[in-house]
1. Check whether at least one residue in the stretch 91-99 is under 18 Å from ARG59 (Cβ atoms), assigned to a helix (DSSP H, G or I) and in contact (Cβ under 8 Å) with a residue 24 or more places away in the chain, and report yes or no.
2. Looking only at the stretch 248-265, filter to residues that are more than 11 Å from ALA137 (Cα to Cα) and either under 47 Å from the mean Cα position of the chain (by Cα) or touching a residue at least 12 places away in the same chain (Cβ under 8 Å) (or both); which one of those is surrounded by the most Cβ atoms within 10 Å (Cβ to Cβ)?
3. Is it true that some residue in the stretch 293-309 is in a loop (DSSP other than H, G, I, E, B) and surrounded by fewer than 17 Cβ atoms within 10 Å (Cβ to Cβ)?
4. Being touching a residue at least 60 places away in the same chain (Cβ under 8 Å) and not in a helix (DSSP H, G or I) is the requirement here; does LEU141 meet it?
5. Within the stretch 170-179, work out how many residues are in contact (Cβ under 8 Å) with a residue 40 or more places away in the chain and of a type in the set (Gly, Ala, Ser).
6. Do we find a residue being among the aromatic types (Phe, Trp, Tyr) and surrounded by 15 or more Cβ atoms within 10 Å (Cβ to Cβ) anywhere in the stretch 643-651?
7. Would you mind telling me which numbered condition in (1) within 30 Å of LEU655 (Cβ to Cβ); (2) crowded, with 20+ Cβ neighbours inside 10 Å LEU610 fails?
8. Can you tell me which condition MET412 does not meet? The list is (1) buried (at least 18 other Cβ atoms within 10 Å of the Cβ); (2) modelled with pLDDT under 95; (3) farther than 27 Å from ARG672 by Cα, and all the others hold.
Amino acid sequence: MSIVSMQRMSLVAHQSERTKLLRIFIKLGCVEMIASKDNVSVTSADVVRRDKMESVKFRAAFAINFLKEYSKEIIRYDKKLAPKVNLKKENRLVSLEEYEEVCNNTEELFAKIDEMESINNRVVDLKSERTRLQSQAEQLLPYKDLDLDMSKVADGDYYSVFCGLLPMARTEEFKKAIADLYGDGEQPFLCEFAVADETELNDQTVGDMLGGKIVPGLKVKSRPVTVVCLKEKSAEVAKILADCEFVKSPYSFDKTPGKRLEELEGKIQETEDAIKTLVLSAKDYVQYLPTIKIVYDYYNLELAKLTVTENAARTEKAIAFEAWVPEEKVEILKKEIEDKCSTVVYSFRDPFEDELPPTATKNPKVVGAFSGITEMFGAPNYRERDPNLFVALFYFLIFGIMIGDAGYGLIMAIACFLFIKIKKPVKNSGRMIIMFAFCGISTFIWGVLFGGWFAISIPKGSFLDKLTWFSPLNEPLKMFMLSLAVGIIQIGTGFTLNGIARIKTKKPVNIAKGILSDFGWVLIFIGLLMLFPNIMVYLQAIEGGKAWFGIVGKIGMYVAIVGAVMMIVGGAVGKKNPVKAVGGSLGSIYGAINVVSDLLSYSRLFGLGLTTGVIGLVMNELGMIIVNMVGPVGWIFAIIIFVGGHVFNLAINLLGAYVHDSRLQYIEFFGRFYEGSGHAFKPLGSDMKYTYLDN
């Protein structure tokens, strides 16, 4: 339960040893490389190698993305044919030799990737063609009822023909303008509207005309109009049409618009069928996904090795590496280097004060299961205390209180442990599942103490009743005081750890602040805990009458007063100016408001703990109401409500407990002592996206 000591390695070797050394570093998985501060240069050979590796990695990435996207496309056509595409890390360890063997025999694989690229390019072209055809159909759609061969729409020797679209809203205006132009008695022109009614075509009609593909928001708001008039009136008619926003038809095909639309619809369907055939063929390539993942990670690893080489100080014949190595791995690394390399000189030393080594923690499996919570906040500084033990203790404790149902706890623990047993996740991939398994145990323990068994009432005097401490629903004040007590203990632990860290700096001001300010708050919290019995009696949460309540309470009051005085004096430490010293003391008093606010944040334990019981109770009561109303048949519906309701209750409260428990660690607990300003130890070979390297 500590931060692993690091050693700084300096190594110089002949260039011929570079590949062997990098291979040793990767296989041992305990060497984090450091970029050289000396001037380094990237050679043309490095550039060529990088381009080649990135090209291969890009093709593997394309293949993975191709299978991901096309599996979604297949679902659109036929869910039964959709393959299962696992884009997560493969749950097995892959040796470095297996990576190399796979990548030395990739001819067939890259031939398949060529086929995927061909399919993708063809689908892209077909989709572009489909879009083009649909666009043509959309533009032609307003003319669909115009019964004219568009190639024959042309001016004659004595007449002019205008064919195009007129907005429906301008139809009456157009008719009136034409009537005014010619007068009532003259009929020297022909004006035919191809659409008899003025109803807009709706989305469904448009969709029917476009190969069954609905185009949202597309509405036909114009109507086709054909106007035939004498040449002598063509200028006036053209002006009227222009004023009414007439748009001339651009079409001259030798068929009616309706026939042309039918042709377009057929081509759209042919294109869609071709796309479907290609998309469905993508399922045949899913079998290559595990191998593609290995290829991707192998070249990712090769690029990492190339980066290490580029960042190293080197000459034509020599190369120098700098790296961090866990102290416990130094001897193993030395032995490997000496056994496999001949022209190598190395040294190891402790970190200097101005150096910040990477942070690696060493914890038992139970504590390590909760380390993911800490890592989401930030890795501890190399010279900082490892908080994982305390995070594990408090996260375990608080999670169970928040859910507080023994039945839910059993389900969580059994389900998570079964998953670990069956799936056997490698390395740290199952760490969070193990954490939830332990949280299930905590939930079970607190559920037993709270008498929570799927919100079912426990008979008085029964075995389970005898194990019950109190019911949060029946005694909410006890639940509230328990929540505050947990907050006092956790925040007090934070102050304690901060005080210890200050004292360890061996600086007089820090030592004084640690003793007075931090441990002053610790005494205040101890005093408050000693006052709890009297507070509970006052709130009628418990019965009084016990003599030790008063004695302990009086001692607690004095302890709290001493702590408060220490905290106020601590605010003045390090300030030589009397005014600043007084201001520091007053600042400590004002800062107490923040501490009280943080303490009240633990009331979320009270709220979530009651929520679980209330929702479960409502589901049970709802099921029984149906049984009472319907009779024995109602049990069918009641069981559905019981199961569905409790599954929902567990899921929503599981999420709530996870989020709020994490928040309490990050804000209320870490805010007292933990910065998380370090960077996690990342040895060469650890950055694998789809596979786990066996090292």
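The values are calculated or read from the model by the stated rules, or taken from the named source; none is laboratory data. From a predicted model like this one, the values you see are computed outputs, not experimental measurements. Using ideal geometry, Cβ is built from the backbone for each residue, glycine included, and neighbour counts are taken over all protein chains shown.
1. Scanning the stretch 91-99, I find at least one residue that is under 18 Å from ARG59 (Cβ atoms), assigned to a helix (DSSP H, G or I) and in contact (Cβ under 8 Å) with a residue 24 or more places away in the chain, so the answer is yes.
2. Step one: of the stretch 248-265, the residues more than 11 Å from ALA137 (Cα to Cα) are 248-256, 259.
Those left that are additionally either under 47 Å from the mean Cα position of the chain (by Cα) or touching a residue at least 12 places away in the same chain (Cβ under 8 Å) (or both): 248-249, 251-256.
Working: LYS248: 12, SER249: 20, TYR251: 18, SER252: 11, PHE253: 13, ASP254: 10, LYS255: 15, THR256: 17.
Top of the filtered list is SER249.
3. no
4. So LEU141 fails the test.
5. Here is the first cut: in the stretch 170-179, the residues in contact (Cβ under 8 Å) with a residue 40 or more places away in the chain are 170-171, 173-174, 177-178.
Add one more test, that the residue is of a type in the set (Gly, Ala, Ser), and what stays is 177.
Residues meeting the conditions: 1.
6. no
7. So LEU610 meets the others, but not (2).
8. Among (1) buried (at least 18 other Cβ atoms within 10 Å of the Cβ); (2) modelled with pLDDT under 95; (3) farther than 27 Å from ARG672 by Cα, MET412 violates only (2).
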